[in-house]
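What follows is a single structure, written as structure tokens, with notes after it.
The values are calculated or read from the model by the stated rules, or taken from the named source; none is laboratory data. Note that the structure is a prediction, hence the values are computed from the model and not measured. Positions of Cβ are generated from backbone atoms using ideal geometry, with glycine treated the same way; all protein chains shown enter the neighbour counts.
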Amino acid sequence: MPDNNSKKKEQRQWRRMDLHIHTPASADYQQPDVSYLDALQEAERKGLEIIAFTDHNTVAGYAGMLEEIEELEMLERLERLRPQEKERLQEYRRLQEKILVLPGFEFTATLGFHILGIFSEKTTVRELEHILLDLNIAADRLDEGSTEVGATADVLTAYRAIDEAGGIVIAAHANSTHGVAMRGYGFGGQTKIAYTQDEHLHALEVTDLESKGQRTTPAFFSGSKPEYPRPMRCIQGSDNHRLTRDPRDKKSLGVGDRVTEVLLPEVSFQALREVFLSDDFTLTRPYRPERAPFDYVRAAREQGPSIVQSFHERMTRRGGRLYAVIADVVAFANTNGGTIYVGVGSNPRTPPTGIDNPKEAITILKAEIERKITPPLEVTIDVQQTEDKKVVRLAVPRGSDPPYAIEGSKIYVRQETETNLAVRDEIVQLVRRALPPAPPPEEEAPAEEEAAIEERPHLVEPPKTGVEIVETVERKGTLYHTMKDLRNGNEVRNVSRSSARRLWQYAITQKEQHPVQVEQVNWHGDIGLWKKKQRAGKVRYDFVQRDAEGQFHVYYGVTEEGLHGPWREFLEGE
């Protein structure tokens, strides 16, 4: 039987959209003589089927277009239309049949961050203005279209207000000026995490959607970063401030000069919002005129294996390859969730093997997941195309009822690029994760204790990936170590070199056979680089940190994803 989700997906079509279009209603628009009809006609020339008018802190542009159409229709009813006006009204009607024009705005939140709110065409101008008023846009400034509007609501309040009003919430040009993910901006890490991981935020608009490598914004927000575990949908929009691209300034775009394609069963706001609310990130992609469609599998291979991504060239029962795929499913469910690609290796320079019969492969995978994994786990499985080969993709959620196990007893977890059997302490932590949170303690710390905490010297937080050996004891001639996972802070005790998994074994070997030579560390203040080497396809670092008591902490196998703040000084090119 064919899968219903696959059937629905086959019935969908790729539609071009630009959800960030300015009009002369924005004060900084560069061509004030451009009309709303001009914008629609340019959208048609670019092949767009969905657009949104998103002027700065106003809906005056969208309202102006509606008023013009209503006035022409009134003249038509009165039989007072001049030929030129009749032609204009007919052109509006023709374009409205071809293009879904959505109302919206680009809101300036506290600290100057820009947020797009996109709404259904059934939403009235009065309702939209009411939302802006609730976000503290002054009534006398509703028609100005200015980016400078004084003290307004904060970012998280804006996200919630737009979402609860039924809109699509997008962080505008998130990696650029006035973006919530802009690099080098001096606001705290926790604030940046909140601004990019909030449940009411549906997507990030970025300017590097088609860039390659592991340092792009989409790669950063793939879910592999410890502080940013929620994968974010990334799209692109023109953010035009003129009708067509400025020939003297390539960065000054026109309508439809930076487009996203979306896979929809129909062109409607409801269908569009359902895409933005879904966790299937293959439903949107950058539009590439006269080029091959965006290859999600290729992009994933360029990012490489991670805590949320794995690759399997085959899934045969012989050799345990099918079992390895199912083990990854359990590991992802017990950790952060993730995506598994079957039919392709992780090296982008190696041609994909592909899956000869994807439907049969999906049937086998679903049966294995249903029969072997407990408790039940909902995994989305579909087919992706890459380099003329078909690949099976499994999207695994972070499980809500851990621990998940194969055949009731084999519990796996994901540690960076590896899937391993969970040890006792990890199983205990998984069980605790499934329990309801304990109520906060009622008693407050004594004043003198709080003062002591405040007086402690400020220390750089450890990296967010890798492991630290926090304790070592000897029993009957064997050394047993307590390993601390720097990603989540979990500690596993009684690990020996013979029982350790790969990263742990490396750390234990280094500690036992190649202890840190403090005088050889490349120090930057109280933090330093001890070793750097390429392992498992990634550069991994061994760092040392000196604490307030003069003790040394060694962090083994740290990857770039775990570097933050001063630790990033050890990266080449930064």
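Below are the figures for this structure:
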quantity: Which listed residue, of ASP239, ASP246, is closer than 30 Å to TYR36 by Cβ, surrounded by 18 or more Cβ atoms within 10 Å (Cβ to Cβ) and acidic (Asp, Glu); calculated: ASP239
quantity: Qualifying residue in region 90-109 (condition: over 17 Å from ILE170 (Cα atoms), of a type in the set (A, V, I, L, M) and loosely packed, with under 15 Cβ neighbours inside 10 Å); calculated: no
quantity: Members of region 11-45 found to be farther than 22 Å from GLU87 by Cβ and among the basic types (Lys, Arg), listed by number; calculated: ARG12, ARG15, ARG16
quantity: Residue selected from region 270-294 under the condition among the hydrophobic types (A, V, I, L, M, F, W, C) and under 22 Å from the mean Cα position of the chain (by Cα), by the criterion surrounded by the fewest Cβ atoms within 10 Å (Cβ to Cβ); calculated: LEU277
quantity: Residue ID - nearest to the chain's Cα centre (by Cα), chosen from residues in region 460-486 that are over 24 Å from ALA548 (Cβ atoms) and basic (Lys, Arg); calculated: ARG475
quantity: Residue list for region 541-572, restricted to those being in contact (Cβ under 8 Å) with a residue 24 or more places away in the chain and assigned to a loop (DSSP other than H, G, I, E, B); calculated: ASP547, ALA548, THR559, LEU563, HIS564
quantity: Residues of region 515-537 satisfying the condition of being in contact with a Gly (Cβ under 7 Å, 6 or more places away or on another chain) and under 30 Å from ASN347 (Cα atoms); calculated: GLY537
quantity: Count of region 346-374 residues which are assigned to a helix (DSSP H, G or I) and free of Cβ contacts under 8 Å to residues at least 12 places away in the same chain; calculated: 5
quantity: Pairs where the first residue, in region 304-327, is more than 24 Å from GLY466 (Cβ to Cβ) and assigned by TED's automatic domain parsing to the domain that holds PRO358 and the second is hydrophobic (A, V, I, L, M, F, W, C) and part of a loop (DSSP other than H, G, I, E, B), C-beta under 9 Å, 6+ apart; calculated: HIS312/VAL344; GLU313/VAL344; ARG314/ILE355; MET315/ILE355; ARG321/MET315; LEU322/MET315; ALA324/MET315; VAL325/MET315
quantity: Spans of helices (runs of 4 or more DSSP H) in region 30-149 with at least 1 residues modelled with pLDDT of 95 or more, in the same structural domain as VAL262 (by TED's automatic domain parsing) and touching a Lys or Arg at 6+ places or on another chain (Cβ under 8 Å); calculated: 36-45, 60-77
quantity: Qualifying residue in region 268-282 (condition: farther than 30 Å from PRO375 by Cβ and either part of a loop (DSSP other than H, G, I, E, B) or touching a helix residue (DSSP H, G or I) at 6+ places or on another chain (Cβ under 8 Å) (or both)); calculated: yes
quantity: Residue list for region 386-430, restricted to those being free of Cβ contacts under 8 Å to residues at least 40 places away in the same chain, under 30 Å from PRO348 (Cα atoms) and not aliphatic (A, V, I, L, M); calculated: ASP388
quantity: Of all residues in region 473-509 being in contact with an Asp or Glu (Cβ under 7 Å, 6 or more places away or on another chain) and among the β-branched types (Val, Ile, Thr), the one that is nearest to LEU430 (Cα to Cα); calculated: VAL492
quantity: Any chance PHE107 is of a type in the set (Phe, Trp, Tyr) and under 21 Å from ARG273 (Cβ atoms); calculated: yes
quantity: Among residues of region 319-339, those that are in a strand (DSSP E or B) and of a type outside the set (Val, Ile, Thr), counted; calculated: 1
quantity: Candidate set: region 225-265, residues that are more than 23 Å from VAL101 (Cβ to Cβ) and not in a loop (DSSP other than H, G, I, E, B); chosen: the one modelled with the highest pLDDT; calculated: CYS234
quantity: Residue list for region 203-247, restricted to those being charged (D, E, K, R) and farther than 22 Å from HIS20 by Cβ; calculated: LYS212, ARG215, LYS225, GLU227, ARG230
